[in-house]
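Heads up, the thing below is written out as structure tokens.
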Amino acid sequence: MDLTFSPAEKAFRAECRSWLTAHAPHDLPSGDTREGFAAHLAWERKLFGARFAVVSWPEAYGGRGASAMEWLIFEEEYYRAGAPQRVTQNGIFLLAPTVFDFGTRAQQDQILPRMAAAQDLWCQGWSEPNAGSDLAAIESRAERDEPGGGWRLSGQKTWTTRGAFCTHLFGLFRTDPSAERHRGLTYFLVPLEAPGVTVRGFGRLDGDEGFAEVFFDDVFVHDDEVLGEVHQGWGVAMATTGSERGLTLRSPGRFLATAARLVDLARRSGDAAAPTLVDSVVADWIDAEAYRWQTFSTVTRMTDGENLGAESSLTKVFWSELDVRLHEHALALLGAAAELADADPHDWMKGYQFALSGPIYAGTNEIQRNVIAERVLGLPRR
Amino acid sequence: MRFAFTDDQLAFRDAVRDLLDRECPPAVVRDAWTNDTGRSGAAWAHLADMGVLGALASEAHGGLGLTLVDLVLVLEETGYAALPEPIVEHAAVTVPILEDSTAAAAGRVTVTAALDGSGLAPWADTAELIVLPGETGAAVLARADVALDRRESVDGARRLFAVHPRAGPQAVRPALGAFERGALGAAAQLLGLNERMLDLTVAYVAERRQFGVPVGSFQAVKHHLADARLGLEFARPLVYRAAWSLTHGDPDAAVHVSMAKAQASDAARLTGRQALQCHGAIGYSFEYDLHLYLKRAWALAATWGDARWHRAQIGQTLGLPSGSA
Ligand SMILES: Cc1cc2nc3c(=O)[nH]c(=O)nc-3n(C[C@H](O)[C@H](O)[C@H](O)COP(=O)(O)OP(=O)(O)OC[C@H]3O[C@@H](n4cnc5c(N)ncnc54)[C@H](O)[C@@H]3O)c2cc1C
């Protein structure tokens, strides 16, 4: 055990900190609106220009070949500097790990550099009107087009985050309707400009156009837009949801930064803050630290070659519920001003609304608790 | 940054686990509720033989020359077994204070302490030495030099005494970090107790059937236990990290210990509640073993600073309002 950072890790942190403090924007509009999205893209391209977009990827794809520990350090510094959540996250954090694991060399060369540079913008097409938690119930289909050397997609996806602003979608389609539900699914990579695709953006709880529904009407996709084997999409997709729940989507840095802001707010509230509320603020701060140290331990195990599997469900429940508590306690500190967007330099009410989606997306926390009980604790399935 | 134990540390832990499995099953804990000493009998002697009691003493003084990073895993096991012995007071708190005492390192004498602020020392009536707060550090007294006043703990296997020194000169020794080591030790034991209660409950709900199925297949039961597992998952790293910080003299070690003790106390309390609820009435019976662990967890959550007390310490270092207004 050595809980100090190595000289190389320290130097890396210092480099991240100096660049991010100098360049991180603090006042971008929401990335879930059309104008905001464009502003965020400009920021992410700048990040790419400084080779900070995908630090853990190989240099050939725009990264620095950084270790997992260095990636965590980058994330801490990114959020510490006040930089905004990444609008490219669904590609970089969710699709890319799957492309590294399942993609052909040609797919990797084609997809990854453009993703890193924020040229291709990826959205996630899992959910459908009749398939949410029960993802294997999806009805969207792909039919074989033998002469064309590809597949024809039809059906509908929904809740697609930033779908109206993205250029590509990754998602699951049913290729063998006669097979058992989890078999006969295939993982497709679909350019949204393909003929037959219609995207309709719509508002989320906070009013931003962060959701979209995507319709497929006989959309042709070529064979090399299949990721992994045909009919094996479920296994490929599960690898992606693992990263979404686990480390990559919401690393500790984000919650450490929110906890620091909450502590700052409590300090400024002075004796107006009730003792029980101060106690809760400290508890949240401890929880953010707990997530940080749990992650250092997880990353050490991963570096040693261990596979995490169902344990990522523990992480997902923890960070999403911590995020809700952090915002609830900030709003309590603000008291009657909580409803105002400008009650504090940080818009806690906006953050609260987003935090409330955490226990829903990436597999609801009810589903995660089922997974923890059955696959981590070994309780009997029904 | 490398946050993992070495194979040697894990092997030491496993050896202690095996020993306690044999020497400190629930029957031994239960017996401590009523026997003359409130202690385990053979387990203590075996731990002394293994060197656990003097783990922190230097090899020159008959110890193993190990650190709290090695010891924390072992203390967790003593929690898992609800070992009825002053092992935290002896091995973690006072052996470093009595650093030149080969008798303490070898376990030829048992040392307990009343250093957690309560004025109470566990198992003091059978300890040879009792360590109390002194004017500048810690005062080390022989049992003959104190009057003991038995106090009932909710945990009948935790014999507690208020300690009153009789007049006389007292050997005062520096006691830097003694409180932090005690709080860390209690936090480690709380992790072990937490895991024990969870293991007992997982096994029980897989066996017990109602409505024709194991009760563990009901979602409400699953979610109670998932919450228990979550608490443990996010307490453990803080405890290990605090052990490292104390070992390496991190200037913020006291804050790290407070985080560990607060988190481990709350997590064990939560698991205790869920464990009891998921057992139903059998868990509420005196004959069933759950309460042996539950009550130890309650006691240790309260001692060496409870969760709120530790959070208040952290609040001060963070510059938060103390809330006294
Ligand atoms: C902000 C946000 C962004 C999203 N982005 C995307 C995206 O980009 N791409 C995408 O594909 N999807 C996205 N989603 C959709 C998300 O994946 C689904 O909301 C989620 O999988 C749950 O499905 P559902 O909404 O249909 O709820 P349902 O599955 O209908 O669930 C409703 C309620 O029933 C509970 N429930 C269901 N089954 C069980 C069970 N077995 N045990 C216990 N309780 C159960 C749920 O926990 C929930 O509380 C997003 C959602 C949100 C809120």
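The values are calculated or read from the model by the stated rules, or taken from the named source; none is laboratory data. A quick note: this is a predicted structure, and the numbers were derived from the prediction, not measured. So basically every Cβ, Gly included, is an ideal-geometry build from the backbone, and we count neighbours across all protein chains shown. Ligands, DNA and RNA are stripped out before the accessible areas are found, and what is left, the full protein with its side chains, is counted by its heavy atoms. Shrake-Rupley method; radii C 1.70, N 1.55, O 1.52, S 1.80 Å.
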| remark: If each K or R counts +1 and each D or E counts -1, the residues other than B:Asp306 whose Cβ falls under 13 Å of its Cβ total +1
| Can you give the angle from 0 to 90° between the axis of helix B:178-207 and the longest principal axis of chain B, with both taken from C-alpha atoms, to the nearest 10? | 20
| message | Just to be sure I understand the curve: with the Debye formula and one point per C-alpha of the protein assembly as shown, what is log10 I(q)/I(0) at q = 0.09, 0.10 Å⁻¹? | response | -0.86, -1.02
| request: Would you grab the residues whose amide H sits under 5 Å from the one on B:Ala138? Only those 5+ places off in sequence or on another chain, please, with H modelled 1.01 Å from N. | output: B:Arg173, B:Ala175
| query | Local charge sum around A:Leu322 (other residues, Cβ-Cβ under 9 Å, Lys/Arg +1, Asp/Glu -1)? | reply | -3
| Regarding the range B:202-260, what are the three Cα extents along the principal axes, ordered largest first, in Å? | 57, 16, 11
| task | Largest first and to the nearest Å, give the Cα extent of chain A along each principal axis. | result | 73, 48, 44
| field | Where only alpha carbons of the range B:7-173 are counted, the Rg and the Dmax (Å) | value | 15.4, 49
| For B:Ala171 and B:Asp31 in the same chain, what is the full-extension length gain: residue separation times 0.36 nm, less their Cα-Cα distance, in nm? | 46.8 nm
| When the helix-only estimate is applied to chain A (DSSP H runs of n ≥ 4, each -39,500 (n - 2.57), divided by the residue count), what is the mean residue ellipticity at 222 nm, nearest 500 deg cm²/dmol? | -14000 deg cm²/dmol
| Out of every Cα-Cα pair in the range A:177-291, what percent are more than 17 Å apart? | 75
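A plus B alone minus the pair: what accessible area, both sides summed, probe 1.4 Å, in Å² to 100?
That pair hides around 4500 Å² of surface in total.
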| task | Based on a Kirkwood Rh over C-alpha pairs, give the Stokes-Einstein translational diffusion coefficient of the range A:246-376 at 4 °C and viscosity 1.567 mPa s in µm²/s. | result | 83
| Alpha-carbon centroid distance for the pair the range B:139-198 / the range A:155-217, whole angstrom | 63
| note | note: the range B:178-318, Cα-Cα separations exceeding 19 Å make up a percent value of 51
| note | Heavy-atom accessible area with a 1.4 angstrom probe orders B:Asp155, B:Asp31, B:Asp8, most exposed first, as B:Asp8, B:Asp31, B:Asp155
| message | Can you give me the distance in nm between label points at A:Arg200 and A:Asp217, each placed 7 Å from the Cα along the Cα-to-Cβ direction? | response | 1.2
| query | When N counts the residues of the range A:7-87, how does its alpha-carbon radius of gyration compare numerically with 2.2 N^0.38 Å, as a ratio? | reply | 1.09
| Under the Karplus curve 6.51 cos²θ - 1.76 cosθ + 1.60, θ = phi - 60°, whole-Hz ³J(HN,Hα) for the range B:31-43, x wherever Gly or Pro sits | 4, 5, 5, 10, 6, 6, 9, x, 10, 8, x, 5, 4
| Cα convex hull volume per residue for the range B:47-127 (Å³) | 87
| Along principal axes, Cα extents of chain B, largest first, whole Å | 69, 49, 46
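Calculate the all-directions average of the projected area of the range A:153-197's alpha-carbon convex hull, and give it in nm².
Quarter of the Cα hull surface area: 3.5 nm².
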| Which value, in debye to the nearest 20, gives the size of the charge dipole of the range B:103-196 about its Cα centre, when Lys and Arg are +1 and Asp and Glu are -1 at the Cβ? | 180
| said: To test your reading of the geometry: what angle, between 0 and 90 degrees and rounded to tens, separates the Cα axis of helix A:7-23 from the longest principal axis of chain A? | reply: 90
| task | Quick one: pull the percent of accessible area on the range A:122-232 belonging to carbon and sulfur, 1.4 Å probe, ligands and nucleic acids left out. | result | 47
| remark: If unit charges are put on Cβ atoms (+1 for Lys and Arg, -1 for Asp and Glu) and the dipole of the protein assembly as shown is taken about its Cα centre, the option from B:Leu120, A:Leu189, B:Ala15 lying farthest towards the positive end turns out to be B:Leu120
| query | Roughly how much of B:Thr37 is accessible, in Å² to the nearest 10, using a 1.4 Å probe? | reply | 50
| Unit Cα scatterers, Debye sum, the range A:124-237: log10 I(q)/I(0) for q = 0.14, 0.20 Å⁻¹ | -0.52, -1.02
| task | Kindly state, to the nearest 0.05, the FRET efficiency for A:Ala50 paired with A:Arg144, given R0 = 45 Å and r defined as their beta-carbon distance. | result | 0.50
| field | Student exercise, the protein assembly as shown dipole from Lys, Arg, Asp, Glu Cβ charges, in Debye to nearest 20 | value | 760
| Å² per residue, accessible surface of chain A at 1.4 Å | 40
| said: Let's see if you can work this out: charge +1 on each Lys and Arg Cβ, -1 on each Asp and Glu Cβ, no other charges. What is the dipole magnitude of the range B:200-299 about its Cα centre, in debye to the nearest 20? | reply: 180
| Per-residue HN-Hα couplings for the range A:269-274 [Karplus 6.51, -1.76, 1.60; θ = phi - 60°; Hz; x = Gly/Pro] | 6, x, 6, 5, 7, 5
